[in-house]
Amino acid sequence: MITQGTFSFLPALSNEQILKQLKYCIDHGWAVNVEYTDDPHPRNTYWEMWGLPMFDLRDPAGILMEINACRKTHPETYIRVSAFDNTKGWESIRLSFIVNRPSVERQYRLERTEVASRQQRYAIR
Amino acid sequence: MSEPAAPVPESVDLDAERQGSGIDAVLDQLDTELVGLVPVKTRIREIASLLLIDRLRRKLELSAASPTLHMCFTGNPGTGKTTVAQRMADILHRLEYVRVGHVVSVTRDDLVGQYIGHTAPKTKEVIKKAMGGVLFIDEAYYLYRPENERDYGQESIEILLQVMENHRDDLVVILAGYKDRMDKFFQSNPGMRSRIAHHIDFPDYESQELLHIGKLMLAEQNYQFTSEAESVFAEYIERRRQQPHFANARSIRNALDRARFRQAGRLCQQGGQLSRQSLVTIEAQDIRSSRVFD
């Protein structure tokens with residue numbers, strides 16, 4: 001099972017729980033994005049965006065509407081929600097969590113390769 | 001082991017619930033600050049009562065689907081449609097029907113795009129911003145332009161209809177516009193008509209009410225009439241009503257703004273020491289020099 005972002009060791013969040021997390025983001029004034037990908041490799045930071053980032057929302061119901069639309073169109077992908085904080089000094093993602101997983105998840109394992117002088121090279125495959 | 005459920009009470013206290021929601025304060029404010037508009041106020045009281053009773057019923061675990069609260073405000077210009085929409089959001093918020101209680105006020109430009117594929121995201125963005133509150137669409141009939149079959153307004157209407165049906169708990173849509181054009185709009189969009197539960201018609205104000213409104217507006221800006229100016233203003237209202245393009249309270253506000261200009265001009269010409277009294281007073285001559293009296 002892919003674990004990345006917040007809450008990923010927990011069982012999948014219910015819609016009510018997602019709404020509460022989204023409300024937390026909105027109340028802090030963060031812009032919320034919905035992203036999806038079929039390649040959840042940890043090195044793949046650039047997921048596809050579902051629509052535009054959502055600014056100036058007052059209520060999380062609209063974001064859940066987008067998440068559901070994305071789930072409907074891409075049921076067999078990973079979907080995550082990320083919240084971007086634009087305050088000076090932060091200017092980065094403050095919270096990110098997965099809201100949808102495909103029915104069969106890919107497995108990754110760490111591979112070690114020995115190179116010259118007994119150095120180790122690592123790769124996640 | 002599950003905890004025993006709390007027993008459902010046999011009765012509930014209406015008065016306590018009423019006070020807890022603070023709804024009376026908003027309704028009283030509506031009564032004192034908005035002059036006239038009796039049918040509108042009655043309708044709003046009805047809606048408020050229904051929501052209050054619904055809340056009590058929920059306490060007794062009597063389930064009922066939440067009512068549709070989409071509304072349509074029709075009336076001539078300046079009859080207070082926008083003002084009431086603002087209040088409506090407040091009322092619905094206090095009764096916990098909407099979660100946030102803000103008003104997003106839009107017109108055709110904010111909903112309809114300029115090229116293919118532009119409208120849907122634009123409309124959806126507005127809807128998302130309005131969720132948890134009230135979406136106020138002013139002059140809604142412009143959304144539908146029958147003379148241009150390639151107009152994107154129809155697409156916007158379809159998205160709105162879908163959201164009005166599926167996200168009833170998340171937002172309340174209020175359409176506003178002039179009566180005759182709204183009627184035409186509904187004729188060509190029967191789906192819209194049936195999804196709107198409350199059609200509220202805003203009547204024109206009586207002259208007496210307009211005078212009252214004028215005085216309230218002045219008081220808000222720390223001005224006052226002399227008694228002579230008040231009777232002249234009453235006459236002004238009578239005359240202005242006969243003229244074309246009379247926009248009820250909006251015309252009154254404009255007339256008062258012009259009176260303030262004239263008062264300022266008069267004071268500047270006069271020069272010298274000005275008392276507090278002279279700064280706040282609108283004299284009869286400030287109103288009489290309006291072209292309405294020509």
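Key figures for this structure:
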{"quantity": "Subset tally (residues that are touching a residue at least 12 places away in the same chain (Cβ under 8 Å) and either of a type in the set (Phe, Trp, Tyr) or not in a loop (DSSP other than H, G, I, E, B) (or both)) for region A:76-112", "calculated": "18"}
{"quantity": "Residues that are out of contact with any Leu (no Cβ under 8 Å at 6 or more places or on another chain), within 22 Å of A:His74 (Cα to Cα) and in contact (Cβ under 8 Å) with a residue 40 or more places away in the chain, drawn from region A:10-30", "calculated": "A:Ala12, A:Leu13"}
{"quantity": "Those strands (runs of 3 or more DSSP E) lying entirely in region B:57-148 with at least 2 residues open to solvent by 10 Å² or more (accessible area, probe 1.4 Å) and among the aliphatic types (A, V, I, L, M)", "calculated": "B:103-106"}
{"quantity": "Every pair of residues 6+ apart whose Cβ atoms lie under 7 Å, when the first sits in region B:10-39 and is in contact (Cβ under 8 Å) with a residue 24 or more places away in the chain while the second is in a helix (DSSP H, G or I) and open to solvent by 70 Å² or more (accessible area, probe 1.4 Å)", "calculated": "B:Val12/B:Lys59; B:Ser21/B:Arg94; B:Gly22/B:Arg94; B:Ile23/B:Arg94; B:Val26/B:Arg94; B:Leu27/B:Arg45; B:Val35/B:His212"}
{"quantity": "Boolean, A:Arg94 is open to solvent by 60 Å² or more (accessible area, probe 1.4 Å) and touching a His at 6+ places or on another chain (Cβ under 9 Å)", "calculated": "yes"}
{"quantity": "One residue from A:Phe55, A:Phe7 being on the phi > 0 side of the Ramachandran plot, in contact (Cβ under 8 Å) with a residue 12 or more places away in the chain and either within 13 Å of the chain's Cα centre (by Cα) or open to solvent by 50 Å² or more (accessible area, probe 1.4 Å) (or both)", "calculated": "A:Phe7"}
{"quantity": "Odd one out for B:Tyr142, checked against (1) within 14 Å of chain A (Cβ to nearest Cβ); (2) closer than 23 Å to B:Gly75 by Cβ", "calculated": "(1)"}
{"quantity": "Residues of region B:260-275 satisfying the condition of being modelled with pLDDT of 90 or more, open to solvent by 60 Å² or more (accessible area, probe 1.4 Å) and under 23 Å from B:Ala219 (Cβ atoms)", "calculated": "B:Arg260, B:Phe261, B:Arg262"}
{"quantity": "The listed residue being among the hydrophobic types (A, V, I, L, M, F, W, C) and touching an Asp or Glu at 6+ places or on another chain (Cβ under 9 Å), out of B:Val84, B:Val40", "calculated": "B:Val40"}
{"quantity": "Test: residue in region A:74-84 that is touching a Leu at 6+ places or on another chain (Cβ under 9 Å), farther than 28 Å from B:Gly101 by Cα and either open to solvent by 30 Å² or more (accessible area, probe 1.4 Å) or within 14 Å of chain B (Cβ to nearest Cβ) (or both)", "calculated": "no"}
{"quantity": "Per-region count, region B:193-208, residues in a helix (DSSP H, G or I) and open to solvent by 80 Å² or more (accessible area, probe 1.4 Å)", "calculated": "3"}
{"quantity": "Selection within region B:239-259 - within 14 Å of B:Tyr223 (Cα to Cα), in contact with a helix residue (DSSP H, G or I) (Cβ under 9 Å, 6 or more places away or on another chain) and open to solvent by 40 Å² or more (accessible area, probe 1.4 Å)", "calculated": "B:Arg253, B:Arg258"}
{"quantity": "Hits in region B:160-179 (condition: within 12 Å of chain A (Cβ to nearest Cβ) and surrounded by fewer than 19 Cβ atoms within 10 Å (Cβ to Cβ))", "calculated": "B:Gln162, B:Asn166, B:His167, B:Arg168, B:Asp169"}
{"quantity": "A:Ala31 under 20 Å from B:His167 (Cβ atoms) and not polar (S, T, N, Q)", "calculated": "no"}
{"quantity": "Of all residues making up region B:42-56, the number that are free of Cβ contacts under 8 Å to residues at least 40 places away in the same chain and buried (at least 17 other Cβ atoms within 10 Å of the Cβ)", "calculated": "1"}
{"quantity": "In region A:50-71, residue nearest to the other protein chains (Cβ to nearest Cβ) [restricted to those that are part of a helix (DSSP H, G or I) and within 15 Å of A:Asp38 (Cα to Cα)]", "calculated": "A:Cys70"}
{"quantity": "Answer residue from region A:97-118, given it is more than 22 Å from the chain's Cα centre (by Cα) and open to solvent by 90 Å² or more (accessible area, probe 1.4 Å) and is nearest to A:Tyr24 (Cα to Cα) among those", "calculated": "A:Arg112"}
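The values are calculated or read from the model by the stated rules, or taken from the named source; none is laboratory data. Predicted model only: the values in this text are computed from it and were never measured. Glycine also receives a Cβ, built like all others from the backbone with ideal geometry; neighbour counts cover every protein chain displayed. What goes into the accessible areas is simple: the full protein's heavy atoms, side chains included, and nothing from ligands, DNA or RNA. Shrake-Rupley method; radii C 1.70, N 1.55, O 1.52, S 1.80 Å.
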